[in-house]
Structure formats: structure tokens, C-alpha cells
Amino acid sequence: MRRLVLAGVCYLTVTIGVVQAQGTSSNIRPVHVPAGTVLTFYLQTRLNPANGNLLDQFPKGTLLSIKILDPIDSDVTHDGAEFHGLVTSPLVSRDEIVIHADSEVRGLFALLRSRNHPDGFRYELLVTGINDGGKLFQLTASLNPSFVDSRPVPMSKKNDVSPPPAVVNGRSLSAAHK
């Protein structure tokens, strides 16, 4: 009888620990971005800038306005999934257009480790490349001005045909610019 009670207590302890561990990952704030949403991304500094990549001349924090073409939903979209978009505003340097509006964008939906987030993880959308008329630019741009900053930054969306509101990290995105 004593062994049976001890086995039952051990079973309950293990079961409760597994349930608590599974519950922790569900507390990561969700991301829901409908297709057609315009988001502002911040250019990040690249570790190994490429010679001749014109985007490397722009400072960290340069704004990129991107219209998301694929819906992104953290309940369905898996970590590492690719998304596509279009540049909505040209990127200009010294009165010269470096990236034209309507250039194709590719990016990744990623689950990143975060020391600042209470659950240790956060979702992030990362722009990884732009194709401007056959010119391919590799870059890194994120929704936050810094990878260290775990607070979402207010995003923008087009006001003409409004898709459902985008939600990133549990916050509804507001229109910052038109």
C-alpha cells in the first residue's frame, strides 16, 4: 500500500510539472497580421556588411515601410516561415532612390529568445531581403528599433481598404502614418 501511494505521488508530481512547463510556452504574446497591413521595420546593423551593398550605408534604425502580402498568425504560422511583402515608400540617399516603392520583400517569422520577456521568448518579424528590379539586397530589419528592446513599437497600416487590425505581441497596431 505504501508503494502504491508513493508511486501515485510521484506520478502526480511529474504530471503537474509537465503541465506547468507546457503552459509556460502558451503565454508568449501572439502575432496576428492580416495580408495588406503596412508595417514599419527598422534597419539593423549587419555583422558582416557586404562590399557594394548600398543598404549598408544607411544607419541603424532607418525606417522601411512594408506592405505584408501573406497573413501571419502565430497560432498557425510556424517558426521560420517565410513571408512576402512590398516596399510602400522608396528608400532615398543623397537625393538618389536606392530602393524603389513596390520592390519585393522577403522575410521570416521567428521565435526569438529574450531575456527581457517574462517567458524567455518572443515572436518577431524579420525582413531579410529586398529585390528591386533584379537587384538583390540582403539586410536585417525588425519591428523593434533594437533586438534588445522587447516592447513592440506602434506600427502603421493603410487607411484605404482597411484589413482587420494587426496584433503583434498582444497589442493591436494603430495607424501611425498614412
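The values are calculated or read from the model by the stated rules, or taken from the named source; none is laboratory data. Please read all numbers here as calculations on a predicted model, not as lab measurements. Neighbour counts are summed over all protein chains in view; Cβ atoms, including those assigned to glycine, are modelled from backbone coordinates with ideal geometry.
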- Query: Of the residues that sit in the stretch 12-52 and are surrounded by 15 or more Cβ atoms within 10 Å (Cβ to Cβ) and closer than 20 Å to residue 132 by Cα, which one is modelled with the lowest pLDDT?
  - Reply: 44
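Can you tell me which residue in the stretch 96-105 is modelled with the lowest pLDDT, limited to those that are surrounded by fewer than 16 Cβ atoms within 10 Å (Cβ to Cβ) and of a type outside the set (Val, Ile, Thr)?
Let us first name the residues in the stretch 96-105 that are surrounded by fewer than 16 Cβ atoms within 10 Å (Cβ to Cβ), namely 96-97, 100-102, 104.
Narrowing further to those that are of a type outside the set (Val, Ile, Thr): 96, 100-102, 104.
Values: 96: 88, 100: 96, 101: 97, 102: 98, 104: 98.
This residue is 96.
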- Look through the stretch 71-95, keep the residues that are of a type in the set (A, V, I, L, M, F, W, C), surrounded by 13 or more Cβ atoms within 10 Å (Cβ to Cβ) and without any contact (Cβ under 8 Å) to a residue 40 or more places away in the chain, and return whichever of them is farthest from residue 121 (Cα to Cα). 91
- Item | Tally, over the stretch 53-95, of residues that are over 24 Å from residue 113 (Cα atoms) and among the aromatic types (Phe, Trp, Tyr) | 1
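For the stretch 141-161, give me each residue that is at pLDDT below 90 and more than 19 Å from residue 28 (Cβ to Cβ). Give the derivation first.
At the first step, the residues of the stretch 141-161 found to be at pLDDT below 90 are 144-161.
The answer is 145, 146, 154, 156, 157, 158, 159, 160, 161.
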- Enumerated strands (runs of 3 or more DSSP E) restricted to the stretch 60-135, each holding at least 2 residues that are of a type in the set (S, T, N, Q): 121-132
